[in-house]
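The values are calculated or read from the model by the stated rules, or taken from the named source; none is laboratory data. Just so it is clear, the model here is predicted, and its values are computed rather than measured. Here Cβ is always computed from backbone atoms with ideal geometry, including for glycine, and neighbour counts include all displayed protein chains.
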Amino acid sequence: MSTGTTTTTDTPELPEDCPLGKLYRKRVAQSRDLTVLIADWNLERGSGKTTLALRLAAACDRTDEGVTEDKATLSAEELTDAYTAQPTGSALVLDEGEAAASNRRSMSGVNEALRQIVGMGRVEQKYLFVTAPGVHQVDKDIRNMCDVWVFVREVGAAQMFRVNYNPFGNHAMTHDWGTLRWTGDLPGPLTDTYSYLTAEKRRRLRGEGDDGAGYVDADDAAAQAEEAAETAERQTRDELVRDIYQNTEDMTQQKLADAIGLSRSRVADILTEA
């Protein structure tokens, strides 16, 4: 796996010069989570989103067992369970899948699972990869909580975007991180997990799944969504405050406080809460 050029590899890896790899290693050092949303640029199916999600998950998983069937699911409820049950350093995949691409309740489940997980505080040391037909099928507050968006343009090529929160404008900012390319078949251990997900999609298409399992009505999730969004926005704002203070010449705590509408004492607390 590489950025900019195509490199054939037998096992997934995140190169040293890959922005996503750099962010991942930074999060490992900070004992923090990483959340990546993978969608198709043209809202097409069969473009390799699941394959890419599994490759990236395998590159990030730091456990001995790797990305097993227990770490990949189509169920929002199972994802939430796996987030708390799987060991530290696990990479998890929530594959929305073709079987539920037009199912409004399924996207409600995806959104609710992300609300719960991202709202937990990003300290479980889990690396989450979520696929969706298109990024805008995921609620705005949720997709803004994700660290990276990856848009698959064609099989084997995707565009990466870093997502940051702008506390001054109260909106998300995206930065183009370039192209991610991959070639070849899935490494051996991942084929079983891919086959499991494929079988689950077929089973649900035949109507053999538990209809609505793990899905939460949007109205019931409103309070949780607001709380999760506020938590994530506050965390991202605090990170940005520390970054501006440390990297801007002649920046004082009072100037920073005036710029973002906080008291100087609150800014001082943020700077010491790293």
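Of the set (1) within 20 Å of LEU34 (Cα to Cα); (2) at pLDDT below 85; (3) touching a strand residue (DSSP E or B) at 6+ places or on another chain (Cβ under 9 Å), all apply to TRP182 but (1). In the stretch 114-172, the qualifying residues are those that are over 30 Å from ILE260 (Cα atoms) and either at pLDDT below 75 or not assigned by TED's automatic domain parsing to the domain that holds ASP33 (or both), and the one that is surrounded by the fewest Cβ atoms within 10 Å (Cβ to Cβ) is GLY134. Within the stretch 49-70, if we keep just the residues that are touching a strand residue (DSSP E or B) at 6+ places or on another chain (Cβ under 9 Å) and free of Cβ contacts under 8 Å to residues at least 60 places away in the same chain, the residue that is surrounded by the most Cβ atoms within 10 Å (Cβ to Cβ) turns out to be ALA59. List every residue pair whose Cβ atoms sit under 6 Å apart, with the two residues 6 or more apart in sequence or on different chains, where the first one lies in the stretch 14-37 and is closer than 16 Å to TYR83 by Cα and charged (D, E, K, R) and the second, anywhere, is modelled with pLDDT of 90 or more and buried (at least 18 other Cβ atoms within 10 Å of the Cβ). Matching pairs, first to second residue: ASP33/LYS126. Once the stretch 16-32 is narrowed to residues that are touching a strand residue (DSSP E or B) at 6+ places or on another chain (Cβ under 7 Å) and charged (D, E, K, R), the residue that is modelled with the lowest pLDDT is ASP17. Restricting attention to the stretch 13-68, the residues that are among the polar types (S, T, N, Q), on the phi < 0 side of the Ramachandran plot and not in a helix (DSSP H, G or I) total 5.
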